[in-house]
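A.B. asks: My questions will all concern the structure given below.
Please treat every number below as a calculation from the coordinates, not as lab data. These numbers were taken from a predicted model, which means no experiment stands behind them.
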Amino acid sequence: MRATVLGAGVAGLCVATELVARGCEVTIYDPAPRPGPHGCSWWAGGMLAPFCESETAEEPVVRLGQEAADWWERQGVAVEHRGTIVLTLGRDRRELDRFARRIEGHDRLDADSLAALEPDLGGCFDRALHVPAEAHLDPREALNHLRNRLEEVGVTFVAEHGGASGATFDCRGLAARDALPDLRGVKGEMAVLRSPDIRLSRPVRLLHPRFPLYVVPRAGGLFMLGATQIESDDRRRSVRSVLELLSAAYALHPAFGEAELVEIGVDARPAFHDNLPRLRRRGDTIHVNGLFRHGFLLAPVLARMAAEAACDGTRPELMDEDHD
């Protein structure tokens, strides 16, 4: 089968990977030559954390998200299986108890057990949660790895859409609102810091009733910081949000105050009203969209379902419309 994929973000690359695995001849249309800061996938945290997401996410996110780490490893992407640490500042201790009641699969830590996992945090916090079954990856490395593998197996990347051949998979994110008018943008702002004085081996979530923070370690002393979730597709940076983001990082560990500010970024994630992704078939086109903040967590399973729908004629769980 010949297939056309529109968009080379995490959704498009995952869909193309699943199609190639089924013997399809794939062409990908994307105006950008390589993954980069133009796409919201570039600014992802890379947390494969279905259990932590269960605090607010619907059940399918938790259940289906548990497939993600194995899928990425099967593609040859490095995945760190160290779990997630969840913390609160002293004045927000009730937030940790509330969070613990809403998720499963966690262990409670005191100062000593936290220090055994993350020595740089042990002297700052006297209680925490550890969610051991979660994992994380470097999104930028993952995107480039998928892109390179697809090129190696003969997938064609084209900058301009000159017409579809065979089945079409529309993975354009917010750009697909011309066909999916109920998509909305959810703005997120993030920063990349470099600090040789902080050593973390796993993602850390700092709970706050108004401004929660996540910190994800990367190679070379880099840390991805993210927090904001604003109902907007405006990609302009907000001074207030960036200041709050950096202040929250400083509250997590004072050494972040001396860190190098490497990048500040903003993206607009595509989402539907319930923040669940969807497949929608319109004639020969299957729309793959609405990943919200779960791009690297749910793109693999959504891609699998899209490929099964096209190649095997199944109606996947996440297909909410099917108009031939």
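A.B. asks: Using a Gaussian network model of the chain with C-alpha springs under 10 Å, which one of PRO254, PRO300, PRO181 is most mobile by mean-square fluctuation?
C.D. replies: PRO181
A.B. asks: Separate question: Compare ALA11, ALA219, ALA49 in a GNM of the chain, Cα atoms joined below 10 Å, and give the one with the largest fluctuation.
C.D. replies: Sorting by GNM fluctuation, first place goes to ALA219.
A.B. asks: Let me check against my output: what whole-number percent is the relative contact order of the chain, with C-alpha pairs under 8 Å and at least 6 apart?
C.D. replies: 24 percent.
A.B. asks: Measure nothing but the geometry: give the 0 to 90° angle between the long axis through the Cα atoms of 295-312 and the longest principal axis through the Cα atoms of the chain, rounded to 10°.
C.D. replies: 20
A.B. asks: Could you give the distance between the Cα centres of the range 38-60 and the range 75-116, to the whole Å?
C.D. replies: Taking the Cα centre of the range 75-116 as reference, the centre of the range 38-60 is 16 Å away.
A.B. asks: Right, something else. Give me, ordered by chain and number, the residues 5 or more places off ARG127 or on other chains with an amide H under 5 Å from its own placed amide H.
C.D. replies: So ARG127 has HN proximity to no qualifying residue.
A.B. asks: Could you tell me the extents of the range 210-324's C-alpha atoms along the three principal axes, largest first, rounded to whole Å?
C.D. replies: Over the range 210-324, Cα extents along the principal axes are 56, 29, 21 Å.
A.B. asks: Something else about it: Each residue of the range 167-173 in turn: what ³J(HN,Hα) in whole Hz from Karplus with 6.51, -1.76, 1.60 and θ = phi - 60°, glycine and Pro shown as x?
C.D. replies: Result, ordered by residue: 5, 10, 10, 8, 10, 8, x Hz.
A.B. asks: Shifting gears a bit: Quick query: amide H of VAL186 versus all other amide H atoms, modeled in the peptide plane; which residues come in under 5 Å with a sequence gap of 5 or more or a different chain?
C.D. replies: Amide H neighbours of VAL186, under 5 Å, 5+ apart: SER232, ARG269, ALA271.
A.B. asks: Now for a separate question. Could you identify which residue out of HIS106, HIS161, HIS208 has the top mean-square fluctuation in a GNM of the chain using Cα springs shorter than 10 Å?
C.D. replies: Per the Cα network of the chain with a 10 Å cutoff, HIS161 tops the list.
A.B. asks: What are the residues whose amide H is under 5 Å from the amide H of ARG281, where those residues sit 5 or more places off or on another chain and H is modelled from the backbone?
C.D. replies: Hits under the 5 Å cutoff: HIS287, GLU321, ASP322, HIS323.
A.B. asks: On a 0 to 90° scale, report how tilted helix 239-252 is relative to the longest principal axis of the chain, with both axes built from alpha carbons and the result rounded to the nearest 10.
C.D. replies: Roughly 50 degrees, rounded to the nearest 10.
A.B. asks: Quick check: the angle from helix 10-21's long axis to the longest principal axis of the chain, C-alpha only, nearest 10 degrees?
C.D. replies: Taking Cα atoms only, the helix is inclined about 50 degrees.
A.B. asks: Then there's this: Contact order normalised by length for the range 163-313, with contacts defined as Cα pairs under 8 Å and 6 or more residues apart; what percent is it? Before the final figure, lay out the partial values.
C.D. replies: Numbers: 272 pairs, mean separation 45.3, N = 151.
Relative contact order comes out at 30 percent.
A.B. asks: Using θ = phi - 60° and the Karplus relation 6.51 cos²θ - 1.76 cosθ + 1.60, list the HN-Hα couplings for the range 193-199 in order, rounded to whole Hz, with x at every Gly or Pro.
C.D. replies: In residue order, the calculated couplings are 10, 10, 9, x, 9, 10, 10 Hz.
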